[in-house]
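The values are calculated or read from the model by the stated rules, or taken from the named source; none is laboratory data. A quick note: this is a predicted structure, and the numbers were derived from the prediction, not measured. Note: ideal-geometry Cβ built from the backbone for every residue, glycine included; neighbour counts use all protein chains shown.
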Amino acid sequence: MLTRRPARLLRPAAAAPPVVPRTTPRAATANAGPSRGRGQVVLDVQNLKTYFFTYDGIVRALDGVNLSFRRAETTGIVGETGCGKSVTAFSISRLIAEPGRVVSGKVLYRGANLLWGLEKEARFRRLRGGRVKVIRSFRRVVAANERMSAVRGRGISMIFQEPSQAMNPVFSVADQLGETLLLHRGVEIVNGLLEADQGHGGEAGDVGGASGAFGSEGGAGIDQLLQSAAHATPEELRAATDAYGNSLGVGSLGAELYYLLRPVGVRPTAAARGVRKAVRRVRLSRWQRNYLRHQRRVMVLSNRLRDVYLKEMTLGKSLAFQRRRLRARIRWEKTLRFYYGIAGIKRRVTKPLQLETFWRSVQLLEGVRIANPAQVAKSYPHELSGGMLQRVMIAMAMSAEPDILIADEPTTALDVPIQAQILDLMRGLKQRAGTAILLITHDLAVVAEVADRLCVMYAGQIVERGPVRDVFRQPLHPYTQGLLASIPRLDQPDRELRSIAGSVPNLIDPPSGCRFHPRCPHAMPICREARPPTTLEGPDHAVACYLYHGPRVEG
């Protein structure tokens, strides 16, 4: 399975080895990053530093992290607890809470620096005893959060390690999934409802009209669906309801009809009234139609505002005039249609959109293999187990089909069969939408199965990175070798498992030089004096260790 350590890899020396440029073709690509032909870089993290300013001192949780994520690739990060994996994910998405602070670096998303304006958001005042007081600018921090709203969701989405802390306990699962859908795919949903209504004579008359879905052809389709429900298997019934919903232009209607007809069995006529009532939502009243058009105008303006935020971070300058103008237009649009907020009117006009988002939420829950998703969608977070909450969080993160999906130990609370299904869903999202995935996990077997590239992190620094196959077959850094030596191997059942002596150091006062040297069996005097440079030791395979002599690359 895995080779231990080729003899050529470890060359102890008393002093720092000179940097000798390679004459092989790979020397020319020393600074080129990942190999050509893989997808384009969608996120580039440069020299990222995140500190926590505590009463005991400054915790240097991240100290110069460099990463890049490419389209349709999965990058895994592994390491011991406390090495900075989750802090990396939260720093990229700017979700670091107090007393933490991203102090420097760049996070480039398609050319937009997500950390633009970081240096103006806080001032640092040194106190006695080595402590530092952080004085934040509330206005600039709020502005940064508003700018990040242009990226979160469709740009960068995250599966949190603790879903119970990331979900609102006072809203149902469907409400929270529906809000995500409307925020990131609202225009698509509204357009679908309006097009379906128009395609079935919605502009010609009121809901009770006899054309389209409610005429003789639509009635015959409902009767045929009811008759087939008596003898169809669940798979056949779902195929029939989905086909009928798609024929009306509302895909979520298929899920609604399926859950109406599934418990009926041999008495389909008992559900006839409910089916006809469900199908009736394809047709909209004039008030509902105007409300959806109003919502579409607000959503389009909100999308333009997010585009302005992205443009600010790309150009590196404020576009305050454009932001104020768009905000004013959004307020004016809502003011003109204030009557949609009146209780009686609101309940009637919002019903089609609420039903659409609810059944789309049910479809999302089906995708993560939740049993009885219609009932779960009506539940509140405290009514669900940890594993079900984790799957709800995964459905929420994947609903927008983001450019970058950050998965912080997404399968920790799940059973093994469900883990495989979730990993297959993530793989399908990567292939279908070209999503770049950052997978944080302790499970090296999961990384070996699904990741394309692997980064090994220790004490807030990346010590080794490269294609996952190269890192597993030829681990370079002593820390990576120690991690792999602790894994049972089927081809060597009698091999004794080894652990790495010691523990992750205290990052308030980290070891000098290489942070792994107190635990390293190959430590040299130079390891205690200076941080080792990152060198290239194979195609895309880089390591930060004095035992190697390849050309230097950015750490």
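So, Arg101, is that one crowded, with 19+ Cβ neighbours inside 10 Å, in the same structural domain as Val59 (by TED's automatic domain parsing), basic (Lys, Arg) and within 26 Å of Met398 (Cα to Cα) or not?
no
Can you tell me which condition Arg515 does not meet? The list is (1) under 20 Å from Ala459 (Cα atoms); (2) outside any loop (DSSP other than H, G, I, E, B); (3) charged (D, E, K, R), and all the others hold.
Just one mismatch for Arg515, condition (2).
Picking from Val59, Val102, which residue would you name as being modelled with pLDDT of 90 or more, over 25 Å from the mean Cα position of the chain (by Cα) and not polar (S, T, N, Q)?
Val59
Quick one: in the range 335-362, of everything that is among the charged types (D, E, K, R) and either under 25 Å from the mean Cα position of the chain (by Cα) or surrounded by 22 or more Cβ atoms within 10 Å (Cβ to Cβ) (or both), which residue is farthest from Ile189 (Cα to Cα)?
Arg360
Consider the range 288-339. How many of its residues are over 20 Å from Gln354 (Cα atoms) and touching a Phe, Trp or Tyr at 6+ places or on another chain (Cβ under 8 Å)?
4
Let's see how each residue does on (1) within 17 Å of the chain's Cα centre (by Cα); (2) modelled with pLDDT under 85; (3) assigned to a helix (DSSP H, G or I); (4) at positive phi:
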{"residue": "Arg147", "(1), (2), (3), (4)": "no, no, yes, no"}
{"residue": "Ser164", "(1), (2), (3), (4)": "yes, yes, yes, no"}
{"residue": "Asn168", "(1), (2), (3), (4)": "no, no, no, no"}
{"residue": "Gly192", "(1), (2), (3), (4)": "no, no, yes, no"}
{"residue": "Asp197", "(1), (2), (3), (4)": "no, no, yes, no"}
{"residue": "Gly209", "(1), (2), (3), (4)": "no, yes, no, no"}
{"residue": "Gly219", "(1), (2), (3), (4)": "no, yes, yes, no"}
{"residue": "Asp242", "(1), (2), (3), (4)": "no, no, yes, no"}
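Evaluate the range 294-305: report whether one residue or more is assigned to a helix (DSSP H, G or I) and without any contact (Cβ under 8 Å) to a residue 12 or more places away in the chain.
Scanning the range 294-305, I find no residue that is assigned to a helix (DSSP H, G or I) and without any contact (Cβ under 8 Å) to a residue 12 or more places away in the chain, so the answer is no.
Tell me yes or no: at least one residue of the range 388-399 is free of Cβ contacts under 8 Å to residues at least 60 places away in the same chain and either under 13 Å from Met167 (Cβ atoms) or not assigned by TED's automatic domain parsing to the domain that holds Asp443 (or both).
Yes, some residue in the range 388-399 is free of Cβ contacts under 8 Å to residues at least 60 places away in the same chain and either under 13 Å from Met167 (Cβ atoms) or not assigned by TED's automatic domain parsing to the domain that holds Asp443 (or both).
Identify, please: which residue in the range 531-555 is out of contact with any helix residue (DSSP H, G or I) (no Cβ under 9 Å at 6 or more places or on another chain) and under 16 Å from Tyr458 (Cα atoms) and is, among those, modelled with the lowest pLDDT?
The extreme case among them is Gly555.
Does the range 11-20 contain at least one residue that is assigned to a strand (DSSP E or B) and either buried (at least 19 other Cβ atoms within 10 Å of the Cβ) or at pLDDT below 90 (or both)?
No, that holds for no residue.
Conditions (1) on the phi > 0 side of the Ramachandran plot; (2) surrounded by fewer than 22 Cβ atoms within 10 Å (Cβ to Cβ); (3) touching a strand residue (DSSP E or B) at 6+ places or on another chain (Cβ under 6 Å), marked per residue:
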{"site": "Leu364", "(1), (2), (3)": "no, no, no"}
{"site": "Arg369", "(1), (2), (3)": "yes, yes, no"}
{"site": "Ala374", "(1), (2), (3)": "no, yes, no"}
{"site": "Ser379", "(1), (2), (3)": "no, yes, no"}
{"site": "Val392", "(1), (2), (3)": "no, no, no"}
{"site": "Met396", "(1), (2), (3)": "no, no, no"}
{"site": "Glu401", "(1), (2), (3)": "yes, yes, no"}
{"site": "Pro410", "(1), (2), (3)": "no, no, yes"}
{"site": "Asp415", "(1), (2), (3)": "no, yes, no"}
